[in-house]
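The values are calculated or read from the model by the stated rules, or taken from the named source; none is laboratory data. The structure presented is a predicted model; accordingly, all values stated were derived computationally and were not measured. Here the Cβ positions follow ideal geometry from the backbone for every residue, glycine too, while neighbour counts run over all protein chains shown. Note: accessible area is taken over every heavy atom of the protein model, side chains too, but ligands, DNA and RNA are not part of it. Shrake-Rupley method; radii C 1.70, N 1.55, O 1.52, S 1.80 Å.
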Amino acid sequence: MNRHIVDLTMTIEEGMQTFWGYWHPFVEITQLGRHGIENRETRKLILGTHTGTHIDAPSHFIPGGETVENIPLDQLVGPATVLDLSSTPNFAAIDTAELSDRLHGKSVERLIIRFDWDLQLNTKQYYLDHPFLSEKACEWLVENGCRLLALDTPQPDNPKNGHDCLKDAPNHRILLG
């Protein structure tokens, strides 16, 4: 089997796009230590836990759920199935049938879904028009042993199902529960 490691992390930089909710701070980077003055380089970082590439711990939506430092590393590291859904239109729901058909029986234990949505970074569309999974698709993933879901969209939920909505982040609750 041909195995290689792919780094999918985003660069953290001042001014990078963050969610506009008051509970998501803007990224601030301040240089404190400088070579030639303090003889070392140090910086102060202010950023939210959902800045750039990040992991949602169960505690994000499940009261009493595990926090990130308690997630077993074997859940996060290992072989993964990459599903290319880059042809998915904006604001489209991926249902159970499409997931099942496109996976052709491959493992969903660690699933990376590629929408190429990172191309929308720094646009309004990034948070408002991204493709998402249906609630039934998320339930199907959990029932079929999904332990890790990675997306290049800002979330697995319908962007209309956010804070202060009747259906506040149902997919987060299904996947993290």
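Values for this structure:
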read-out: Lysines with Cα under 30 Å of K167, excluding same-chain neighbours fewer than 8 positions away; value: K124, K136
read-out: Helix-only CD estimate at 222 nm, as mean residue ellipticity for the chain, using -39500 (n - 2.57) per DSSP H run (n ≥ 4); value: -4500 deg cm²/dmol
read-out: Debye, to nearest 20: dipole size of the chain, +1 on Lys, Arg Cβ, -1 on Asp, Glu Cβ; value: 200
read-out: Whole-Å distance, taken between Cα centres, linking the range 1-67 and the range 92-169; value: 22
read-out: Projected-area mean, the range 88-175, by convex hull of Cα positions, square nanometres; value: 5.6
read-out: 3J(HN,Hα) from dihedral phi, the range 94-99, Karplus parametrisation 6.51/-1.76/1.60, rounded to Hz, x for glycine, proline; value: 8, 9, 4, 4, 5, 4
read-out: The range 96-133 residues near the modelled R147 label - backbone nitrogen below 15 Å, point 7 Å along Cα→Cβ; value: 107-112
read-out: Nearest-10 value in Å² for the accessible area of I174, using the 1.4 Å probe; value: 40
read-out: Environment charge at T18 (Cβ cut-off 14 Å; Lys +1, Arg +1, Asp -1, Glu -1); value: -2
read-out: Under-5 Å amide H pairs with M16, H placed in peptide plane, nonlocal only; value: V27
read-out: Note, ³J(HN,Hα) from phi for the range 147-162, Karplus 6.51, -1.76, 1.60, rounded to Hz, x at Gly and Pro; value: 10, 8, 10, 10, 10, 9, 9, x, 6, x, 7, 4, x, 7, 9, x
read-out: Two-site FRET efficiency, L32 against H4, from Cβ-Cβ distance with R₀ of 41 Å, rounded to 0.05; value: 0.65
read-out: By accessible area with a 1.4 Å probe, ligands and nucleic acids excluded, highest first: order of W20, W140; value: W20, W140
read-out: Candidates R147, R43, R34, ranked by Gaussian network fluctuation over the chain, Cα under 10 Å, top entry; value: R34
read-out: Volume of the Cα convex hull of the chain, divided per residue and given in Å³; value: 162
read-out: Relative contact order [Cα under 8 Å, 6+ residues apart], the range 27-123, whole percent; value: 20
read-out: GNM flexibility winner over the chain from P58, P154, P79 (Cα, springs under 10 Å); value: P79
read-out: Candidates T11, T153, T51, ranked by Gaussian network fluctuation over the chain, Cα under 10 Å, top entry; value: T11
